[in-house]
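Okay, so here's the structure we're looking at.
All of the numbers you see were taken from the coordinates with simple rules; none came from a lab. Keep in mind that what you see is a predicted model, and the values were worked out from it rather than measured. Positions of Cβ are generated from backbone atoms using ideal geometry, with glycine treated the same way; all protein chains shown enter the neighbour counts.
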Amino acid sequence: MRRNLIVVRSGKTSLHSEWLSSWTADAGWDLLCANFGGAVHRGTIGEAIDTSSFATKFVFLNHLLDTGGRDLGVDIGDYDYVWFPDDDLSMSTEAVSSFFAWCNTVQPDLAQPALNSDSYATHPLTCQHQGCDYRRTTFVEIMAPCFSRRAWKSLAAAERFRTLGGWGYELYMTNLFNPLAYPFVIFDAVAVTHTKQVGGPFYNWMPPGMSAQEEARKELERHSLDTRYGWYRCNLSLSSGNETLNHDEPGFIDRILGGLNYLYRRPTEKLRGLAFLQSSTTPGDSLTGIPIRIFAHATLADYLLMQINVGEWVEFFRRAIDK
C-alpha cells in the first residue's frame with residue numbers, strides 16, 4: 001500500500017488532474033477524489049465519489065473523521081500522511097511527491113507547502129520564505145492541511161469543529177495539538193500556486209445573514225477558544241540544509257524579513273489576499289478609500305510584530321502542556 005493519501009473535494013474547475021499528470025502506479029501516494037457539483041474527475045482509488053450531499057469541504061472532513069473513510073473504500077488511518085488541499089492549488093505530480101518526501105523526512109504532525117510568489121495568499125506566514133527549506137510554525141492554513149497518522153488519530157478522537165466555511169479551524173487545530181507537542185511545518189522547498197482570490201463557493205451554503213466570520217466566532221466560543229485570530233501565526237524555527245535557526249537566536253528576524261522582501265514588490269492584484277486580513281469585506285481596488293498596498297504592508301508589519309513577540313506564545317503553549 002502507498003504511504004500517503006490526498007483527499008480533494010473537486011469542483012468543475014478542479015486542478016487535481018494537473019497533480020496526476022505524470023502519476024504512475026509506483027508513486028508513493030494515492031488520491032481520493034470526492035466530487036462536488038457534478039464534476040466527473042477521477043483520482044487513483046476506484047471510481048470518483050459523489051459527495052455533493054456533504055456540502056462543504058469541512059462537512060466532508062468531519063464525515064471522514066467519523067467513519068475513517070471506510071464507507072468510501074479507504075481506511076485513512078492506514079496512511080502515514082493524509083493531505084486535504086483545496087482544488088484550486090496548482091502543482092505538478094513531482095511537487096506532490098516532493099512534499100510527501102519532505103513530510104516523511106522531517107516528520108511533522110501538521111504540514112503544508114508554502115505558497116509561491118504567483119499565489120493569492122492571505123497570511124504572510126504561509127508565503128514562501130526565500131532561503132529556507134522549511135519552518136516550524138504555530139499555524140497551518142485550512143487551504144491545505146496535511147495530518148500525520150498520529151495527528152489524524154487525535155483529531156478523530158476530539159470533539160468536532162462544525163462549520164461550513166472552515167474559518168477558525170486553524171485556531172481549533174492549534175489549541176487541540178499544541179505546536180510544541182505536535183510539530184507544525186511549512187515547507188518552503190515545495191511551493192505551490194494558489195490560483196484564486198480569497199473566498200469560494202462555500203459562501204453559498206451559509207445561512208441567510210450568517211457570515212463565515214460570525215460562524216467561526218460562535219464555534220470557537222462553543223469550544224472555549226480564544227477568538228483573537230492573530231495570536232497563532234508565528235515561526236518557531238527555520239531550517240536550510242543542515243542549519244536550523246531558532247526564534248530566540250540572533251539574526252532570526254532578519255532572516256524572516258529577508259525571506260519576504262519580494263512581497264513588497266508584488267502586483268496589487270496579488271496583494272488583495274493580504275489586504276483582506278485588515279478588513280471584514282472582500283477587497284476591491286481599495287478598502288475604505290485606502291489603497292490595497294497600504295493594507296497589505298500593514299499585514300506584513302503585523303506579522304513581523306507577532307514574530308518579535310513569539311516568546312509570549314511559546315510560553316502560552318508551554319503552560320498549556322503543563323496543565
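Values computed for the structure shown
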quantity: Net length gained if the chain between Arg160 and Glu214 were fully extended (0.36 nm per residue, minus Cα distance); calculated: 17.7 nm
quantity: 10 Å beta-carbon shell around Ser117, net charge (K/R +1, D/E -1); calculated: +2
quantity: Test item: Cα-centred dipole of the stretch 4-322, Lys/Arg +1 and Asp/Glu -1 on Cβ, debye; calculated: 560 debye
quantity: Sorted by Cβ neighbour density within 10 Å, fewest at the top, the residues Leu271, Leu245, Leu5, Leu304; calculated: Leu304, Leu245, Leu271, Leu5
quantity: Residue (of Ile308, Trp102, Phe187) at the positive-pole extreme of the stretch 4-322, dipole from beta-carbon charges; calculated: Ile308
quantity: Net length gained if the chain between Ala189 and Glu94 were fully extended (0.36 nm per residue, minus Cα distance); calculated: 33.0 nm
quantity: Residues Lys270, Lys153, sorted so that the one with the fewest Cβ neighbours within 10 Å comes first; calculated: Lys153, Lys270
quantity: Lys pairs under 29 Å by Cα in the stretch 4-322, provided they are eight or more residues apart or on distinct chains; calculated: 10
quantity: Fewest-first ranking of Val59, Val7, using other Cβ atoms within 10 Å as the exposure measure; calculated: Val59, Val7
quantity: Length added when fully stretched, Arg265-Ile294, from 0.36 nm per residue minus Cα-Cα; calculated: 9.2 nm
